[in-house]
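A short worksheet on the structure shown next.
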There are 2 protein chains.
Amino acid sequence: MTIYKAPVEDVSFLLNDVFQIDKYNNLPGFADASLDVREAIIDEAAKLSEEVLHPINGVGDIEGCTRHDDGRVTTPKGFKDAWKQLGEGGWLGLVGPTQYGGQGLPVTLAQPVNEFMMSANMAFSMYPGLTQGAMAALLVHGNDEQKKTFVPNMIAGKWTGTMNLTEPQCGTDLGLMRTKAVKQADGTYKITGTKIFISGGEQDLSDNIVHLVLARIEGAPAGIKGVSLFVVSKMKLNADGSLGGPNGVSCGSIEHKMGIHGNSTCVLNFDNAVGTLVGEENKGMAAMFVMMNEARLGVGVQGLAQSEVAYQNAAAYAKDRLQGRSLTGVKSPDKAADPIIVHPDIRRTLMTIRAFNEAARALVVWTSLKSDLAHRSSDPKERQEADDHMGLLTPVVKGMLTDVGFANAVAAQQVYGGHGYIQETGVEQFVRDARISMIYEGANGIQALDLVGRKLPKDGGRALTAFFNEVTAFAKDNAADESMKAFLGPLNAAVQDLQKATMWLMQNGLKNPDNAGAASTDYLHLLGLVTLGYMWAKMAKVAQDKLANSGEQPYLKSKLVTGKFFMERMLPETALRLTRIQTGAGSMMELPADAF
Amino acid sequence: MTIYKAPVEDVSFLLNDVFQIDKYNNLPGFADASLDVREAIIDEAAKLSEEVLHPINGVGDIEGCTRHDDGRVTTPKGFKDAWKQLGEGGWLGLVGPTQYGGQGLPVTLAQPVNEFMMSANMAFSMYPGLTQGAMAALLVHGNDEQKKTFVPNMIAGKWTGTMNLTEPQCGTDLGLMRTKAVKQADGTYKITGTKIFISGGEQDLSDNIVHLVLARIEGAPAGIKGVSLFVVSKMKLNADGSLGGPNGVSCGSIEHKMGIHGNSTCVLNFDNAVGTLVGEENKGMAAMFVMMNEARLGVGVQGLAQSEVAYQNAAAYAKDRLQGRSLTGVKSPDKAADPIIVHPDIRRTLMTIRAFNEAARALVVWTSLKSDLAHRSSDPKERQEADDHMGLLTPVVKGMLTDVGFANAVAAQQVYGGHGYIQETGVEQFVRDARISMIYEGANGIQALDLVGRKLPKDGGRALTAFFNEVTAFAKDNAADESMKAFLGPLNAAVQDLQKATMWLMQNGLKNPDNAGAASTDYLHLLGLVTLGYMWAKMAKVAQDKLANSGEQPYLKSKLVTGKFFMERMLPETALRLTRIQTGAGSMMELPADAF
């Protein structure tokens, strides 16, 4: 019904040529990710995604998950087997520590694998995604006992993981949390409360589920300063590590959602469930933030992933569907009509999507590399710079890639005309699935506020200054290169818009914080556009050098044309974003609430 | 679950104050639409929409339509009764000729009624919508016998109407049509073929269905010049007008769609169904275009309508949901958190939607008034000018109102956070329902091509020249009015962008038609933005005059603030559209098809 082909060539170009990850062989794990290993992993991930995960994407949507009267939840046909293959193939431990059975490979290599799986089957990919997020939090904040108990089983695919934050009255504002934890004589806690929107909260893939749960210890301070993180095993654990009886966690219902039907989104009831503290009392938010940054990057990749699979299907349809004739003369005289890819408006749609996807993929690889540097570099300055980059660009990756990724899925659907509205065609599922990525892991408005209110001013604006320095240095280094003019001219103009917007924020955001709030979403997209423009300039440089050395290569020629399209048609959106930012909060905030 | 309150005050402001329709009492039907009558109709339509149609919107989505093994189709619970109320209340004959039982009222009055019904229940509103479209085609192109036979029964709500254009291989390109018509000795035709995507093609609301069908008469010329229009009654008609047996039309299946589940979208099989010719042989396209223009305006209103109902629900949620605190200090100290409407990014979303909706509503009323003038004026010049306006702005109303209307529904959904993704909340239905309006009645890319390729150059650009003259004259007339500066400055800048884009098209579109195609969607939105900017300037002028005369009025104050928001934040998008247009077809068309 739908097709998916993993963009292997594009990933290789980014890893090998643009970001040259062989240069980082001094970092732990990177030497193991030699060219051969990388290619094998990327190829195998492509195969798994194309042949195992994508074929069960459509049926997963139609069948959905079912909650039975006894609280058990079954996932769609094929999901259980696919999960088994993930565990057996070692896919859950790609970046996990070797001491717990993982392979310790770089995130830079794992992120393209994630993209493939998310493109192939977004609903399914959330089960491994959340398992890896939960693992990451345990690895950073858990004690040895917790790591030893949970991580190896998660890497093996025997157990899955979840994140339990949201409650009915408490979404973005986690300070409103009510779930409570009562300390027991043996040092464990009994946890009671209701959590909603828990992805994979109950399912039939694994014997056990590792719930990471935010709750308030009796007597804790009000607000987020009284929130602690716990790990709660769905099944009680015997001393020998085997599974005991149920541990007071049950699935009250599963949600009827717009999309991602293959993922079970549960209401979870905790009724004196026994858990252990992860990290320190009342420091749950800090522990959760580790998971959140990883998760936010992952959700950003979901936006790209849905945009990619939607693009591939729309492109195939556009080459196949015969309707009308080219404006510049018949192109397929032997047929009743030309394929619709001859029409400029169809081209506009396809070029817009691919020009975004290719730059977004570069941004993901770039940011993943920084993530590896932040965790693995032996140089404190390099770690700090990488961490600054992560902080600055995580909200951009999450917010922009999902906003635009969704819009791209909608645009791809439009290529199909009426057929795009029909479930059997499959493209409307991409739209419904992509929609959630703009919402969860911090709605995109929250990402924008995080960027403008916290990440920009942090450390005197150090992260943004470093970003400006890098982009400006690149432009200067290549200023003499005539072939780069078409890229650097637009990039420099966009950078100037970003500088003006930043200046405006500095001058007006403190004076009236609503000005910063009013600017936030536009600023996130403005920074995102500049970032993607920089990615295009970097890719163009490498593509031109490669072309000069190796002669005609269709892949590289397409890369340059697509980049040019981005620079001339898409990047100039920065000016509109700047105009909006400079308008401030005036007319936006003027009406009384009851006028709405 | 969801709420809907018809925007009665806004409609009154437009009809009475902005467009002063009492000035047109010399036109047929307008004198009957006196202030009292208008208010009664608007109030009753509001009541019907709020109390009858909206309550069955959610259940219609969940229940959907069911096709039974014998080909019968049942609509969701409550639809049949609502349809009965529509017929009995005279709603189907609002603009219909009095000689056939209609009320002969202006379209200007009927269009707000349509908006209310479409907001309240889009899937349901398509049944009356298509019935009225079919009626319009019969009234213009049918013979007396056809009018007498079909129209009174449609006005009474006894019979419904459909449009049968699309076939599996033939959507936009109607020249590819295969359904054939064979002339019989008695002058009737036997029609055979398969039509798809037929809204309301089979249902249980009415005893009979009036199918308007495009088909190719045996031996007709190839392409669209060989297409004729027929009327085919679902049931055979006896000489006395009573219904006989089935007439060879059957529903083969109903589509599973992304949305509008309450409307039955059918595959219709015509198997030697008896029909009569509407208009002349091989002139079916001309006859169909009558229906299409009406239908395209109606679909544009659907975009506005979904944007409006989505806005209302998001605004209510934003005033109710407590989460976080205002950036400028606590606003609800007695509560655990402030309502989220205090946050600038939520305001940005709500203001963006309402600033669009209010101007779009004005555009619909303006264009409806032109539709009335085009059909009812006794002055040929006035008719021609009104017809020019209709031709120019129909693709804008259809394309822009549905593109932006959908985006607004998505934005409104975002206000809900995770709850917006859950079916029971109801807002995600607005998104799924709104999506179709960008596709059917000519996908929006086709609207853009119609605008740039046909409507702009027609009669030496007469329509656009008249549009420019009107807007420029308004700006000039009010140039001295200090209070209009905030509106006229941005409007003039936007008009200049439009002029430059038009000039570019004239210079480059003929040289290479792909340049026109490459510019088309951006040009449609650019013209749409200028049009909405002009609507805002007109409304601001009237609101300011009224305020000066009548003192404090919250409605008028809100109008001015909302207009200012549009002019400073939204109208400047014209510059981006111009930049894109001036880029041309180069990088867009450069790649070979197999690079996609």
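Evaluated at q = 0.14 Å⁻¹, the base-10 log of the normalised Debye intensity for segment B:196-286, with identical point scatterers placed on the Cα atoms, takes the values -0.58.
Think of a 1.4 Å ball rolled over the protein heavy atoms: segment B:458-588 then has 39 Å² of accessible area per residue. Restriction of the GluC sites (Glu not before Pro) in segment B:263-309 to DSSP coil positions whose beta-carbon has at most 16 other beta-carbons within 10 angstrom yields B:GLU280, B:GLU281. Restricting the calculation to alpha carbons of segment B:291-428 gives Rg and Dmax of 19.6, 66 angstrom. Of all chain B C-beta atoms, the nearest to the rotation axis linking B with A is recorded, alongside its rounded Å distance, as B:LEU576, 2. Using a cut-off of 28 Å between Cα atoms, the listed pairs B:LYS80/B:LYS234; A:LYS257/B:LYS47; B:LYS80/B:LYS236; A:LYS331/A:LYS559 include A:LYS257/B:LYS47 as exceeding that distance. Working from Cα pairs under 8 Å separated by at least six residues, relative contact order for segment B:458-588 is 36 percent. Using a label position 7 Å from Cα in the Cα→Cβ direction, what is the ascending list of nm distances from B:LYS335 to the same site in the other copies? For B:LYS335, the other copies' label points sit at 5.7 nm, shortest first. Placing a label point 7 Å from the Cα of A:ASN469 along the Cα-to-Cβ direction, the distances to the matching points in the other copies come to 6.2 nm, shortest first. Starting from the label point of B:SER242 at 7 Å along Cα→Cβ, the same points in the other copies fall at 8.1 nm, in ascending order. Close amide-amide hydrogen proximity is noted between B:LYS257 and A:GLN423, each under 5 Å apart and 5 or more residues distant or on a separate chain (H modeled in the peptide plane; Pro and chain starts excluded). For A:ALA273, the residues 5 or more places off, or on other chains, whose built amide H falls under 5 Å of its own are A:ILE191.
Considering segment A:361-483 at the alpha-carbon level, its Rg and Dmax are found to be 18.7, 56 Å. Annotation for segment B:193-262: GluC sites (Glu not before Pro) lying in DSSP loop with at most 15 further Cβ atoms inside 10 Å of their Cβ are B:GLU218.
Quick one: go through segment A:112-137 and flag any residue whose amide nitrogen is under 18 Å from the point 7 Å out along the Cα-to-Cβ line of A:GLU88. The answer is A:128.
Separation of segment A:1-19 and segment A:494-573, taken as the distance between their Cα centroids, equals 21 angstrom. Sparsely packed loop sites in segment A:496-596 (the GluC sites (Glu not before Pro) outside DSSP H, G, I, E and B with at most 15 other Cβ atoms within 10 Å) comprise A:GLU552. According to the Kirkwood relation over distinct C-alpha pairs, the hydrodynamic radius of segment B:107-245 is 16.1 Å.
Under the shape rule built on the C-alpha gyration tensor, where the axes satisfy a ≥ b ≥ c, segment B:1-63 is prolate, since a/c reaches at least 1.5 and a/b is greater than b/c. Between 0 and 90 degrees, the angle of helix A:344-376 with respect to the longest Cα principal axis of chain A falls at about 50 degrees. Helix B:284-320 axis versus longest C-alpha principal axis of chain B: approximately 40°, rounded to the nearest ten. Across chain A, the longest piece that holds none of the trypsin sites (Lys or Arg not before Pro) lying in DSSP loops with up to 16 other C-beta atoms within 10 Å covers A:336-510. Ranking B:ALA518, A:SER233, A:ASN269 by how far each Cα lies toward the positive end of the dipole of the protein assembly as shown (charges on Cβ) leaves B:ALA518 at the top. Across all Cα atoms of the protein assembly as shown, the radius of gyration (one decimal) and Dmax (whole number) stand at 30.4, 98 Å.
For chain A, the longest principal axis of the alpha carbon atoms and the long axis of helix A:513-550 meet at an angle near 60°. Taking each DSSP H run with n ≥ 4 as -39500 (n - 2.57) and averaging over every residue of chain A yields -17500 deg cm²/dmol at 222 nm. Of all lysines in the structure, those lying under 24 Å Cα to Cα from A:LYS458, and not within fewer than 8 positions of it along the same chain, are A:LYS225, A:LYS283, A:LYS370, A:LYS381, A:LYS398, A:LYS500, A:LYS511.
Each residue of segment B:64-80 was assigned a 3J(HN,Hα) from its phi angle through the Karplus curve 6.51 cos²θ - 1.76 cosθ + 1.60 (θ = phi - 60°); the sequence is x, 9, 10, 9, 8, 4, 7, x, 5, 10, 10, 8, x, 3, x, 5, 5 Hz, with glycine and proline shown as x. Chains A and B together bury roughly 7800 Å² of accessible surface, counting both sides and using a 1.4 Å probe on protein heavy atoms. Backbone geometry of segment B:331-342 corresponds, through the Karplus equation with coefficients 6.51, -1.76 and 1.60 at θ = phi - 60°, to 3J(HN,Hα) couplings of 9, 10, x, 7, 10, 5, 7, 7, x, 5, 5, 6 Hz, x marking Gly and Pro. What area, in nm² and to one decimal, does the C-alpha convex hull of chain B cast on average over all directions? Hull-based average projected area comes out at 29.5 nm².
Put the Cα centre of segment B:220-278 next to the Cα centre of segment B:95-156 and the gap is 19 Å.
Starting from the residue with the highest accessible area, list B:LEU268, A:LEU560 in decreasing order, probe 1.4 Å.
A:LEU560, B:LEU268
Rounded to the nearest Hz, the phi-derived 3J(HN,Hα) couplings of segment B:121-138 under the Karplus curve 6.51 cos²θ - 1.76 cosθ + 1.60 (θ = phi - 60°) are 6, 4, 4, 5, 4, 6, 5, x, x, 6, 4, 5, x, 5, 4, 4, 5, 5, where x marks glycine and proline. Average projection, convex hull of the Cα set of segment B:458-588: 8.6 square nanometres.
Pairwise Cα distances in segment B:1-136 exceed 28 Å for 22 percent of all pairs.
Amide H to amide H, with H built 1.01 Å from N, B:LYS283 comes under 5 Å of B:LEU229, counting only residues 5 or more places away or on other chains.
The values are calculated or read from the model by the stated rules, or taken from the named source; none is laboratory data. Quick caveat: nothing in here was measured; it's all calculated off a predicted structure. Cβ atoms come from the backbone with ideal geometry, glycine included; neighbour counts cover every protein chain shown. Note: accessible area is taken over every heavy atom of the protein model, side chains too, but ligands, DNA and RNA are not part of it. Shrake-Rupley method; radii C 1.70, N 1.55, O 1.52, S 1.80 Å.
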